[in-house]
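*Asks:* Handing you a structure now.
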Amino acid sequence: MVLVGVLLWVWGCGGPRNPVEEMQKSLANAPEYMILLEDMREEGRFFTDYYHKYKVIQGDRQRVTNWIEVPESVYRKYESFLGMALAAKSDKGVNNTPHPAGYHYVGNPNYGRWDNRGGSSFWVFYGQYALMRDLMGWGGRSIQQADYNDYRTSRDRGRPYYGRNREWGTQGSVTRKQNPTFYERRRQAIARRRSSFSQKVQSRTGRSRSGFGSRSRGGFGK
């Protein structure tokens, strides 16, 4: 009921100053949650409006919000973290440092264990949490202990973690495969802006040439 309630509140709030912080307040008493930046978009040519979609996951339940208008400051704050967890809570506490979805569960013996294979250690969720990997969009990927160690170092220093090879986040290869719609929408927006700019340049150049020609003719006529 907590998950449904917080999403209904977000949908009807008309765009709070920072929806992530507001959702966290509403989920303060929940034993666990994860808030992902599901999608984002910009609209408008002269005055730009900014929108986010969030995915909220609690255990094996997940819901996605409608588009929520956000201030530009909030949009820019999270602009690099598409598909990542912006905030998460487990029995180990709250993590407000952006990270790949579900990494805050890795290394926690209540959720799984390290399995040695071929000289490397990989994280394996217990049976009751096996669906987590699919819910979090790992796409069949396994998390090595080296990945987790890098994540933990970044977390302890308060720095976002994008993966050892920066696979996650807005510029990440994994995110590009998971959300092609965002990248196509962004490509089209860039193309429209370039086209608009080119038309303005051509229009100004045309006016300039026209003015120069008329002044020249006037001079020769005298």
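The values are calculated or read from the model by the stated rules, or taken from the named source; none is laboratory data. Note that the structure is predicted; figures quoted are calculated from it, not measured. Cβ placement follows ideal geometry from the backbone for every residue including glycine, while neighbour counts extend to all protein chains displayed. Quick note on the areas: whole protein, heavy atoms, side chains included, nothing else; ligands and nucleic acids left out. Shrake-Rupley method; radii C 1.70, N 1.55, O 1.52, S 1.80 Å.
*Asks:* Of the numbered conditions (1) under 26 Å from TYR54 (Cβ atoms); (2) at pLDDT below 90, ARG166 satisfies every one except a single condition; which is it?
*Replies:* If we test ARG166 against (1) under 26 Å from TYR54 (Cβ atoms); (2) at pLDDT below 90, just (2) comes out false.
*Asks:* Out of curiosity, is ASN108 in contact with a Lys or Arg (Cβ under 7 Å, 6 or more places away or on another chain) and touching a residue at least 60 places away in the same chain (Cβ under 8 Å)?
*Replies:* In short, no.
*Asks:* Scan segment 26-35 and tell me whether some residue there is under 30 Å from ASN110 (Cα atoms) and within 15 Å of the chain's Cα centre (by Cα).
*Replies:* yes
*Asks:* Working only within segment 82-100, note down all residues that are more than 15 Å from SER154 (Cα to Cα) and under 12 Å from the mean Cα position of the chain (by Cα).
*Replies:* LEU82, GLY83
*Asks:* Take the residues in segment 86-101 that are aliphatic (A, V, I, L, M) and open to solvent by less than 60 Å² (accessible area, probe 1.4 Å); name whichever of them is nearest to TRP168 (Cα to Cα).
*Replies:* ALA101
*Asks:* Determine the pairs where a residue that is under 30 Å from PHE125 (Cα atoms), located within segment 39-63, has a partner that is modelled with pLDDT of 90 or more and small (Gly, Ala, Ser) with Cβ atoms under 8 Å apart, the partner being 6 or more residues away or on another chain.
*Replies:* Cβ pairs passing all conditions: ILE57/ALA101; GLN58/ALA30.
*Asks:* Considering TYR54, TYR78, which residue is touching an Asp or Glu at 6+ places or on another chain (Cβ under 8 Å), open to solvent by less than 30 Å² (accessible area, probe 1.4 Å) and at negative phi?
*Replies:* Residue meeting the stated conditions: TYR54.
*Asks:* So for segment 18-41 (the condition being exposed (fewer than 15 other Cβ atoms within 10 Å of the Cβ), at pLDDT below 90 and farther than 19 Å from THR175 by Cα), does at least one residue qualify?
*Replies:* No.
*Asks:* How many residues does segment 102-146 contain that are part of a helix (DSSP H, G or I) and either in contact with a Phe, Trp or Tyr (Cβ under 8 Å, 6 or more places away or on another chain) or open to solvent by 60 Å² or more (accessible area, probe 1.4 Å) (or both)?
*Replies:* 7
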